[in-house]
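The values are calculated or read from the model by the stated rules, or taken from the named source; none is laboratory data. On a predicted model such as this, the values are computed, not experimentally measured, just so you know. Note that we place each Cβ from the backbone using ideal geometry, even for glycine, and neighbour counts take in every protein chain shown.
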Amino acid sequence: MWIYLNGRFVREEEALISVYDHGFLYGDGVYETIRSYGSRLFMGAQHIKRLFRSADAIGLTMPIAPSQWIMLLHEAMARNTLGGAGRDALLRITVSRGVGAIGLAPSLCPSPTVVIIANPLVTPEPTLYETGVALITATTRRNLPTALPPHIKSANFLNNILAKREAIAAGAFDSILLNWQDHLTECTVSNLFFVTNGRLCTPSIECGILDGITRAVVLQIAREDGILTEEGCYTASALREADECFITNTSMEIMPVTSVDQITIGNGRPGPLTRRLQHLFASLRDRFLDPLPAPTTSNP
């Protein structure tokens, strides 16, 4: 496997990070995960824009210009023979504060560490899309937005890891995190939706969630199709009374949820509006794929 590390592609065994890297020491950094459909990236430009927004929020100067990232991602796919038919890629970008002396001051790190990893995309088992998955409500609460703003896609993921451990212990697919006001927020790596009386509902950004890119796409295609949508503040009881539920992220798209805390949602099967949105997402997906970058030419 070829990995991009600080300006060049190296073999996996050569992709070594210093023990003094502040991403390792303190989780001081930002990241993005992007998928491809074949050779085309899903909302790649929007993911890069969010990466820069996260970096700016923590005062991290990006060493690579926005226009260069897409070419690097495509090179990472090509070097790892990904992006062809049946070879969708999952690309992970990590930008840490970099190497510096022990201490919290960002000035200790003269330059960031940049990593791009391109792996074959591994999607959930197809049967899960037919049966739906089970979630639990975690006892772990979502970080206070005033403590760690949710719009920062931070490399420090311990809040989510604690909630994921709860899901694993319960034998559930994932956990839902509540915020400081007992309102629904999101799952550990996905956004949460539910359907009540034909209305598609999802926690608002103000509840302390990441503004998921697939979340935005689902809301857009739902509104274009005439589906009533609502972004608001909801308690866990809203899920118990819901007719349908599903979660979204870039790699798994729309995953039906059929139980929460061992309580059946609706009739215990993926609901009609969930199925409708899955179909819409699949049929309209090309609209949200980046065009292929123009090939580079070199002088003879």
Report, by residue number, each residue of the stretch 1-30 that is charged (D, E, K, R) and part of a helix (DSSP H, G or I).
-> Glu12, Glu13, Glu14
Do we find a residue being closer than 19 Å to Thr185 by Cβ and touching a strand residue (DSSP E or B) at 6+ places or on another chain (Cβ under 9 Å) anywhere in the stretch 273-284?
-> no
Say whether the condition of being touching a Cys at 6+ places or on another chain (Cβ under 8 Å) and assigned by TED's automatic domain parsing to the domain that holds Leu277 is met by at least one residue in the stretch 185-192.
-> yes
Got a number for residues in the stretch 100-159 being in a strand (DSSP E or B), among the aliphatic types (A, V, I, L, M) and over 27 Å from Asp261 (Cβ atoms)?
-> 5
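Can you tell me which residue is farthest from Pro272 (Cα to Cα) among those in the stretch 212-240 that are among the charged types (D, E, K, R) and out of contact with any strand residue (DSSP E or B) (no Cβ under 7 Å at 6 or more places or on another chain)? Show your work before the answer.
As a first pass, look at the stretch 212-240 and keep what is among the charged types (D, E, K, R): 215, 223-225, 230-231, 240.
Restricting the remaining residues to those that are out of contact with any strand residue (DSSP E or B) (no Cβ under 7 Å at 6 or more places or on another chain) gives 224-225.
Values: Glu224: 17, Asp225: 14 Å.
Here the answer is Glu224.
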Does the stretch 51-80 hold any residues that are over 21 Å from the mean Cα position of the chain (by Cα), among the polar types (S, T, N, Q) and surrounded by 13 or more Cβ atoms within 10 Å (Cβ to Cβ), and which are they?
-> Asn80
Given the structure, is Leu108 under 17 Å from Thr33 (Cβ atoms), touching a Lys or Arg at 6+ places or on another chain (Cβ under 9 Å), surrounded by fewer than 21 Cβ atoms within 10 Å (Cβ to Cβ) and in the same structural domain as Ala65 (by TED's automatic domain parsing)?
-> no
Restricting attention to the stretch 149-166, does a residue exist that is surrounded by 17 or more Cβ atoms within 10 Å (Cβ to Cβ), over 22 Å from Gly23 (Cβ atoms), in contact with a strand residue (DSSP E or B) (Cβ under 7 Å, 6 or more places away or on another chain) and touching a residue at least 12 places away in the same chain (Cβ under 8 Å)?
-> yes
Of Glu241, Glu231, Glu206, which residue is under 29 Å from Ala170 (Cβ atoms), among the charged types (D, E, K, R) and surrounded by fewer than 13 Cβ atoms within 10 Å (Cβ to Cβ)?
-> Glu241
